[in-house]
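Take a look at the structure below.
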Amino acid sequence: MPAFANPAAPPLPYLVFDFDSTFTQVEGLDELADIALAGRPDRAARVAEIRALTEQGMAGELGLAESLARRLTLLGAHRRHLAPLVAHLQGKVSASIRRNAAFFHANAARIYVVSSGFREFIEPVVAEFGIGADHVLANTFTFDAQGHITGCDTNNVLSQNGGKIRQLELLDLPGEVYVLGDGYTDYQMREAGLADRFYAYTENVARPAVVAQADEVLPTFDEFLYQLKLPMTLSYPKNRIRVLLLENPDPRAAELFRAEGYQVEQVRGALSEDELMQRIEDVSLLGIRSKTQVTARVLAAANRLVGIGAFCIGTNQIDLPAAMKKGVAVFNAPFSNTRSVVELTLGELIMLARRIPEKSPKMHAGEWDKSAGGAFEIRGKKLGIVGYGNIGSQLSVVAEAVGMQVLYFDIEEKLQLGNALKCRTLDELLAQADIVTLHIDGRPDNQNVIGARELALMKPGALLLNNARGHVVSVPALAAALRSGHLGGAAIDVFPDEPSTNQDPFLSELRELPNVLLTPHIGGSTAEAQRNIAEFVPERLMQYLNSGNTQQSVNFPNIQLPVQPGHRLIHIHHNVPGVLADINQTLAAHQVNILGQYLKTNEHIGYVITDVDREYDQEVIKALRAVGQTIRFRVLY
């Protein structure tokens, strides 16, 4: 039987749907006007007037009969305009209604469409969902001999004020009646005592006067099905999924999450551990940048957290093992700001080579210091790149293009690009390079990779750039090397301790040193990079939530899944022998047919995805949740 079905359950209440802005995303008469008036010079003004009259009628500010009559006068439509209107409306069915089409087909006998709109365009649209003409109650147009729409049948009760009330009286449905609509006339059926509940449907439009009167507000039809424990296409209504975005990522991120139907809360700055623990309850997806620390304590307080998105490259601010053991997948943006960091690095090394950090402040102070002392071209100089990943390797290509000789060191084997030369050790690179630039990750082993010993190995007058992580350089040792004159300059974009917000002070030993270029962690702070990140990270999180794909997760086994053929069961468990066998024995005991199964493990967890057909009962879910070593289990419909 379908998931959640219960043969002993009472029959479904009669569902009375409005059509315009409920079953479809738009108002039919408004769209008809837009089609019929195409090419007329007064089209925009007349369509705007019709829309305003529609809104006044829906909000209860204008009687239905007057609103309808005035709109029909302005319409200027012909019978030939109805076919393109129907085609248009078929593409404008509300998204959550379309994805639950199977529910409408299965329950068409209990569903009525009662609308002040017109049968001529409503009937063919709802027929696609199994709703017959006898369950459509709506107005009908009148036409002249040439086929022009002249008005509506005034004998139809739905053309009159209070028409929906009278229509429901005439239907005289036996049993409970629930009304779903976006207009005040829909609420009036409840007000008249003819409906047991009124649901304000706000997926397409939310009218305050209507919402205020509702028994429940429905952001989507999924929410209605979820509340009544009825079969639904989604495993969980998207409007119930809460997203918390910290540290002000590009607005595109919130836009994408909201377009998916999620609730989004935004906080401009970082939160402390205690603050985040207070805010994390009931949050499903958390988005952060580099300052917020997601600790084991935060994860313990996260009762609904499914995924974390780091809107940056680094993930050392997240306790990845704790997240993994909690069943929380973590994604970052390893490529999205690569070019921006490369360009900043190139600009910094040129600025340092020409001693701009010293020259510019003097100019602002009125001092003219025109000299070539200590300034040099970067062409022909040796650039030592520490960390030959996405950023380091691309910088290598760009640096060669401007005439530099490139050396690199990486703890992993990496294929060099162009004429870059690999150094066997960090010490070897430091001793040869005129300019050293760091592009390594923030793992604990990289704490103070560059300290007093390493700085002493560098050439006198060499330059150091750090656009990686603040803790990879010992700041006191660097400050000492700069003050002594051993280093010719430094450019630092990242710091061991950074202000949480732009209002907090920046404190560092490197301040006021004349040969240091300081920037406030802006390596990836370009419009292009932030836009790329704001699209990449939400996409990874939504794919994981919607389909179970863990591709490019930094703490989960990576699986790229095929299209989901039926129900998808997601099972995360401690990586011990026998769990997969227990899962399959449970499915076999309940005679569930497996369509496909995928397993991947790492040292700590196993990730099993099982696609099954749609014939199973709720006891299967309980049994799978009870499988030993389970960390998290969820169902994707």
Residue 325: which lysines have alpha carbons under 18 Å from its alpha carbon, excluding same-chain residues fewer than 8 sequence positions away?
600
Could you sort 573-581, 311-319, 401-409 so that the peptide with the highest average Cβ count within 10 Å comes first and the rest follow in order?
311-319, 401-409, 573-581
Nearest-ten-degree value, helix 43-58 long axis tilted from longest Cα axis of the chain:
70
Note on the chain, DSSP bridge orientation, antiparallel percent to nearest 5 equals 30
What number do you get for the stretch 14-227 when its Cα radius of gyration is normalised by 2.2 N^0.38 Å, N = residues?
0.96
Note to self, the chain gives a 222 nm [θ] from helices alone (DSSP H runs n ≥ 4, -39500 (n - 2.57) apiece, / all residues, nearest 500) of -10000 deg cm²/dmol
I need the Kirkwood Rh of the stretch 394-491: take the reciprocal of the average 1/r across all distinct C-alpha pairs and report it in angstrom.
13.9
If packing is taken as the average number of other Cβ atoms within 10 Å across a peptide's residues, how do 126-132, 31-37, 54-60 rank, most packed first?
31-37, 54-60, 126-132
FRET efficiency, 1/(1 + (r/R0)^6) with R0 60 Å, evaluated for residue 519 and residue 228 via beta carbons
0.60
Rounded to one decimal in nm, the spacing of the 7 Å Cα→Cβ label points at residue 108 and residue 564 is 2.7
With an 8 Å Cα cut-off and a minimum separation of 6 or more residues, compute the relative contact order for the stretch 338-525 in percent.
21
Roughly how tilted is helix 390-401, in degrees to the nearest 10 and between 0 and 90, from the longest Cα axis of the chain?
60
When 630, 519 are ordered from fewest to most other Cβ atoms inside 10 Å of their Cβ, what list results?
519, 630
Which is farthest toward the positive dipole end of the chain among 142, 579, 567, measuring Cα position about the Cα centre, with Cβ charges +1 (Lys, Arg) and -1 (Asp, Glu)?
579
Considering the options 438, 347, 376, tell which one lies farthest towards the positive end of the dipole of the stretch 338-525, charges being +1 on Lys and Arg and -1 on Asp and Glu at the Cβ, about the Cα centre.
376
Projected label distance in nm at residue 133 and residue 480, using a 7 Å step from Cα toward the beta-carbon:
9.3
Can you give the relative contact order of the chain as a percent, counting alpha carbon pairs under 8 Å and 6+ residues apart?
10
Given labels modelled 7 Å from the Cα in the Cβ direction, how far is it in nm from residue 427 to residue 300?
4.4
In straight Cα distance, which aspartates and glutamates are under 20 Å from residue 362, not counting same-chain residues fewer than 8 positions off?
348, 512
Total charge dipole magnitude, the stretch 14-227, about the Cα centre, Cβ charges on Lys, Arg, Asp, Glu only, Debye to nearest 20
560
Residue 142 long-range amide H proximity, modeled H, under 5 Å
150, 151, 152, 153
In what order do 50, 621 fall by count of nearby beta-carbon atoms within 10 Å, going from fewest to most?
621, 50
Taking Cα atoms only, Rg over Rh for the chain with Rh from the Kirkwood formula is 1.10
In debye, nearest 20: dipole of the stretch 1-129 around its Cα centre with unit charges on the Cβ of K, R (+) and D, E (-)?
300
On average over all directions, what projected area in square nanometres does the stretch 439-508 have, based on the convex hull of its Cα atoms?
4.9
Compute the distance from the alpha-carbon center of the stretch 132-148 to that of the stretch 329-353, in whole Å.
63
In a solvent-free Debye calculation with one equal scatterer on each Cα, what is log10 I(q)/I(0) for the stretch 557-636 at q = 0.17, 0.19, 0.27 Å⁻¹, listed in the order of the q values?
-0.61, -0.76, -1.51
Under 13 Å from residue 326, Cα to Cα: aspartates and glutamates that are on another chain or at least 8 residues apart
none
What is the sum of charges, Lys and Arg at +1 and Asp and Glu at -1, for the other residues whose Cβ falls under 11 Å from the Cβ of residue 358?
+2
Here the stretch 253-266 yields Karplus 3J(HN,Hα) values (6.51, -1.76, 1.60; θ = phi - 60°; whole Hz; Gly and Pro given as x) of 5, 4, 4, 5, 5, 5, 4, 6, x, 7, 7, 10, 10, 10
Ranked from fewest to most other Cβ atoms within 10 Å of their own Cβ, 201, 178 fall in the order 178, 201
The set of residues whose placed amide H lies less than 5 Å from the amide H of residue 330, leaving out same-chain residues fewer than 5 positions away, is 308, 554, 555, 556
How tilted is helix 338-353 with respect to the longest principal axis of the chain? Cα atoms for both, answer in degrees (0 to 90, nearest 10).
30
Spherically averaged projected area in nm², based on the convex hull that wraps the Cα atoms of the stretch 124-195:
6.2
Compute the signed sum of charges (Lys and Arg +1, Asp and Glu -1) over the other residues within less than 14 Å, Cβ to Cβ, of residue 445.
-1
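No value in this document is a laboratory result; all are computed from the given coordinates. These numbers were taken from a predicted model, which means no experiment stands behind them. Backbone-built Cβ (ideal geometry, glycine too); neighbour counts: all protein chains shown.
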